[in-house]
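Below is one structure, written out as structure tokens; comments come after it.
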Amino acid sequence: MMTRRALVLTGATGLAATVSCPVLAAPPSPNDPVAIINAIYARAAKGRGDGGGAFIIENQAARAKYLSKTLVEVWAKADARTPKGDVGPVDFDPVTNSQEPNVKSFRVVPEKLDADKAVVAVTISGRGAPRPKSVDNTIRYNLVRDDGQWKIDDIGGASDGEAWSIRGMLTDSLKN
């Protein structure tokens, strides 16, 4: 027969193991739009925060991993029309909304979460002087379900208070 003391010690040991054991802790779902954006910014803010987020768009494999099929297609068309040696229509890091990434901290807020669409806003702050226009610190992600996975369908923000959209930049480059 188990004594009360043994029962309490066994229960306490089991609870401690559950709380401290990372194997039993539930990892963030890779199919959660907020978790995906959090992971992107955790990587962008790593170290001194100067690594940026260009890793999501640096090549075709990265684009296929993070971006929707339609956005990948538009980007490929824009790249094909860019003269060899020229920079394409997206000539900055959209994740940090900058030429020189500088992410000290970030806050991710889901603005809309539907079954097949989501809008997630991220407000970043960097080391050093703040940006002249605070609206430039917020980047919005439109995500869609693509073959059952959440993918970025557009990224938007502001530069010097003027709105920009990755999809808009790519589409505009195809008009010229």
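Brief remarks on what is shown
- Within segment 26-175: Cβ-based charge dipole about Cα centre, in debye rounded to nearest 20 (Lys, Arg +1; Asp, Glu -1): 280 debye
- Sequence-separation-based contact order of segment 26-175, relative, with Cα cut under 8 Å and 6+ spacing, percent: 23 percent
- Stretching Lys112 away from Thr70 to a fully extended chain increases their span by 13.1 nm, per 0.36 nm per residue minus the current alpha-carbon distance.
- Isotropic mean projected area of the C-alpha convex hull, segment 26-175 (nm²): 9.6 nm²
- Number of Lys pairs (Cα under 27 Å; 8 or more positions apart or on different chains) in segment 74-166: 8
Only the coordinates and a few stated rules stand behind these numbers; no lab work does. Note that the coordinates shown come from a computational prediction; the quantities given were computed from them, not determined experimentally. Here Cβ is always computed from backbone atoms with ideal geometry, including for glycine, and neighbour counts include all displayed protein chains.
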